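Contents: one structure, followed by commentary.
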Amino acid sequence: MTYQSLITDTRSIIAANGPSWDGISGEAVARMRLQNRFQTGLDIARYTARIMRSDMAAYDADPARYTQSLGCWHGFIGQQKLIAIKKHFGSTRGKYLYLSGWMVAALRSEFGPLPDQSMHEKTSVPALIEELYTFLKQADARELGLLFHDLDAARDVGDAAKEAKITAKIDGFQTHVVPIIADIDAGFGNAEATYLLARKMIEAGACALQIENQVSDEKQCGHQDGKVTVPHEDFLAKIRACRYAFLELGVEDGIIVARTDSLGAGLTKQIAFSKQAGDIGDQYNAFLDCEEVTDITSLRGDVVIERDGKLMRPKRLPSNLFQFRPGTGADRCVLDCITSLQNGADLLWIETEKPHIEQIAAMVDRIRQVVPDAKLVYNNSPSFNWTLNFRQQVYDGWAEQGRDVSAYERAALMSVIYDGTELAQEADERIRTFQKDASARAGIFHHLITLPTYHTAALSTDNLAKEYFGAAGMLGYVAGVQRKEIREGIACVRHQNMSGSDIGDDHKEYFAGEAALKAGGAHNTMNQFAA
């Protein structure tokens, strides 16, 4: 519906209710409707799921059309990302938001900062999704409000051409509301708990849920030690629980991202149930590190399994966990991924210990032999030392080629003394093109950074504190923050406008007409930033 047709529609509704509604402006109602396009979280989930499905199809046709996101821990952070994307690139296409469980635990828990072990309140996750979309919808309302003001100004001077141009911008307005890939950890409990939380997350607006195959009550960050995986049937029950939640709520296009931590997980809490040789339980148990039982009297409360006609005792640790055979991580990842895709998952996430394209591609090639359109979401994690990893990859490549690397010490390649070297420059170029190259070679549909704003907030706050509390004093803020905001066109320099003050003024005028007491008058200091 166009802006003008919406005005016509609202005016007819008002007229049909008689003179008691004469104080209501049809155009004002039309503006408010456009500023509040999404009525519920489910509206958002359905809308963004269609976007994400379309992007997945586009990637299948052309791997250069991969997508990206940055992690968020506050609605304002998500809002500013999308405002910046529209400002710099003119479109939000292929740009999402990621909701990191790590950042929720570290920054949003009532217990205070927590490690990424699913100890934070599960309700904080859907609450953050709702908060993110509240801020994104306000970004829509603010930007449209500015267009409405420009439209009124054009009308006041009788500039019909400008009025038509602004009306076209309103009709073609692109929302800041984009897909959120939301981290549900390991489901915060059993399959029923997973379903209940998934439903809350979808109702808040999530169109994509990322769930991992770790044991819920032993969950660890994917880049730390001590990870424990569950048998496939346990994980598949949680995938099905997520799908049921999507379907119950009418989000048929909802996306499930199945994450495997098996590459770095050497432990399991359970022996998988197996009915017959070769089934999925038997395949899981085949990776267990076992020793043959030749003396039955040596058993002391042990679990034993049959393997190739022999009685085998899986090695059990004092923690009562069982360990897998060393070196089986990649094989377990491949089996996890194939099994997940064959049982309802849409995308994969393989947690790795380093950003290495050929390592990822080697597993994806095997997966695609069974599921040709398999696609990954990949964590471009701040837990990796990107500089050191890529300098070492270049060093190793040069050494294999027979090039002289005697000027470099491999273990010390992070040192600043190497920053201007040819090796460092080649490493930086590989980092720059990593996402494009990995999407083409390793089947990565979506690249994300889990914790970017955790680190940017720390860095910027450190710089401000050093300057403001040091010799620079107030100039530390003015030169380091405000002047940069002005020079770079950062909308937040007018923080009253960003917080919704002008939207509130518009509403006051709608509601009270000339009697409205508005904040944005001549004495508002935000007018100092008008230029």
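Only residues in segment 205-229 that are closer than 28 Å to M52 by Cα and not assigned by TED's automatic domain parsing to the domain that holds C337 count as the first member; pair them with residues that are at pLDDT 95 or above and buried (at least 24 other Cβ atoms within 10 Å of the Cβ), Cβ under 8 angstrom, at least 6 apart or cross-chain, and list the lot.
Pairs that qualify, where the first residue is closer than 28 Å to M52 by Cα and not assigned by TED's automatic domain parsing to the domain that holds C337 and the partner is at pLDDT 95 or above and buried (at least 24 other Cβ atoms within 10 Å of the Cβ): there are none.
Within segment 408-461, how many residues turn out to be part of a helix (DSSP H, G or I) and at pLDDT 95 or above?
The qualifying residues number 26.
In this structure, is I202 at pLDDT 95 or above, buried (at least 22 other Cβ atoms within 10 Å of the Cβ) and assigned to a helix (DSSP H, G or I)?
yes
Of the residues that sit in segment 239-251 and are touching a Phe, Trp or Tyr at 6+ places or on another chain (Cβ under 7 Å) and either of a type outside the set (F, W, Y) or not in a helix (DSSP H, G or I) (or both), which one is farthest from Y284 (Cα to Cα)?
A245
Quick one: which residue in A438, A411 is small (G, A, S) and in contact with a His (Cβ under 9 Å, 6 or more places away or on another chain)? Outline the logic, then answer.
Numbers: A411 fails: in contact with a His (Cβ under 9 Å, 6 or more places away or on another chain).
Checking each option against the conditions leaves just A438.
Which pairs turn up if I take residues in segment 486-511 that are part of a loop (DSSP other than H, G, I, E, B) and look for partners that are crowded, with 17+ Cβ neighbours inside 10 Å with beta carbon separation below 8 Å, at least 6 apart in sequence or on another chain?
Within 8 Å, the pairs are G500/Q138; G500/A141; G500/R142.
Pull up segment 237-285, narrow it to residues that are closer than 28 Å to A208 by Cβ and acidic (D, E), then point me to the one that is surrounded by the most Cβ atoms within 10 Å (Cβ to Cβ).
D261
Look through segment 288-317, keep the residues that are under 37 Å from the mean Cα position of the chain (by Cα) and surrounded by fewer than 18 Cβ atoms within 10 Å (Cβ to Cβ), and return whichever of them is modelled with the highest pLDDT. Full working, then the answer.
The initial filter retains those residues of segment 288-317 that are under 37 Å from the mean Cα position of the chain (by Cα), namely 288-289, 316-317.
After this cut, where a residue has to be surrounded by fewer than 18 Cβ atoms within 10 Å (Cβ to Cβ) as well, the list is 289, 316-317.
Working: D289: 95, R316: 88, L317: 89.
So the residue we want is D289.
Pick from I449, I444, I417: which is closer than 16 Å to N385 by Cα and either not aromatic (F, W, Y) or not assigned by TED's automatic domain parsing to the domain that holds L97 (or both)?
None of the others qualify; the one that does is I449.
D217 fails exactly one of the following numbered conditions: (1) farther than 30 Å from F384 by Cβ; (2) more than 22 Å from the chain's Cα centre (by Cα). What is the number of that condition?
With (1) farther than 30 Å from F384 by Cβ; (2) more than 22 Å from the chain's Cα centre (by Cα) applied to D217, the lone miss is (1).
Would you say E514 is acidic (D, E), outside any strand (DSSP E or B), exposed (fewer than 13 other Cβ atoms within 10 Å of the Cβ) and free of Cβ contacts under 8 Å to residues at least 12 places away in the same chain? Show your work before the answer.
Values: acidic (D, E): yes; outside any strand (DSSP E or B): yes; exposed (fewer than 13 other Cβ atoms within 10 Å of the Cβ): yes; free of Cβ contacts under 8 Å to residues at least 12 places away in the same chain: yes.
In short, yes.
Got at least one residue in segment 125-145 being among the polar types (S, T, N, Q) and out of contact with any Gly (no Cβ under 7 Å at 6 or more places or on another chain)?
no
Where the second residue is aromatic (F, W, Y) and the first is farther than 17 Å from A438 by Cα and lies in segment 47-62, which pairs have Cβ atoms under 6 Å and are six or more apart or on separate chains?
The qualifying pairs do not exist here.
If we keep just the residues of segment 488-521 that are farther than 30 Å from V478 by Cα and aliphatic (A, V, I, L, M), which is farthest from the chain's Cα centre (by Cα)?
Per the stated criteria, the residue is A515.
Quick check on D234: is it surrounded by fewer than 23 Cβ atoms within 10 Å (Cβ to Cβ) and outside any loop (DSSP other than H, G, I, E, B)?
Answer is yes for this residue.
Does segment 392-405 contain at least one residue that is surrounded by fewer than 18 Cβ atoms within 10 Å (Cβ to Cβ), under 29 Å from W102 (Cβ atoms) and acidic (D, E)? Give the steps one after another, and end with the answer.
At the first step, the residues of segment 392-405 found to be surrounded by fewer than 18 Cβ atoms within 10 Å (Cβ to Cβ) are 396-405.
Narrowing further to those that are under 29 Å from W102 (Cβ atoms): none.
Checking segment 392-405: not a single residue is surrounded by fewer than 18 Cβ atoms within 10 Å (Cβ to Cβ), under 29 Å from W102 (Cβ atoms) and acidic (D, E).
Return yes or no: is A361 more than 24 Å from F246 (Cβ to Cβ), in a helix (DSSP H, G or I) and in contact with a Lys or Arg (Cβ under 6 Å, 6 or more places away or on another chain)?
Here the answer is yes, as A361 does meet what is asked.
Which of the residues spanning segment 294-334 are assigned to a helix (DSSP H, G or I) and either in contact with a Gly (Cβ under 8 Å, 6 or more places away or on another chain) or touching a residue at least 60 places away in the same chain (Cβ under 8 Å) (or both)?
Result: G329, A330, R332, C333.
How many of the residues in segment 317-333 are in contact with a strand residue (DSSP E or B) (Cβ under 8 Å, 6 or more places away or on another chain), among the charged types (D, E, K, R) and more than 10 Å from D289 (Cβ to Cβ)?
1
Could you please find all residues in segment 371-390 being of a type in the set (A, V, I, L, M, F, W, C) and either part of a strand (DSSP E or B) or more than 14 Å from H455 (Cα to Cα) (or both)? Before the answer, list the steps.
If we filter segment 371-390 for residues that are of a type in the set (A, V, I, L, M, F, W, C), which is where we start, we get 371, 374, 376-377, 384, 386, 388, 390.
The answer is V371, A374, L376, V377, W386, L388, F390.
Cβ contacts < 7 Å: first residue without any contact (Cβ under 8 Å) to a residue 12 or more places away in the chain, restricted to segment 87-116; second residue among the small types (G, A, S), any location; separation 6+ or different chain. Result?
P113/A106; L114/A105; L114/A106
Does segment 146-192 hold any residues that are touching a residue at least 12 places away in the same chain (Cβ under 8 Å), of a type in the set (G, A, S) and surrounded by fewer than 21 Cβ atoms within 10 Å (Cβ to Cβ), and which are they?
Selection gives A154, G189, A191.
The values are calculated or read from the model by the stated rules, or taken from the named source; none is laboratory data. The structure displayed is predicted, hence computed values, not measured ones. Cβ coordinates were reconstructed from backbone atoms using ideal geometry, including for glycine residues, and neighbour counts include every protein chain displayed.
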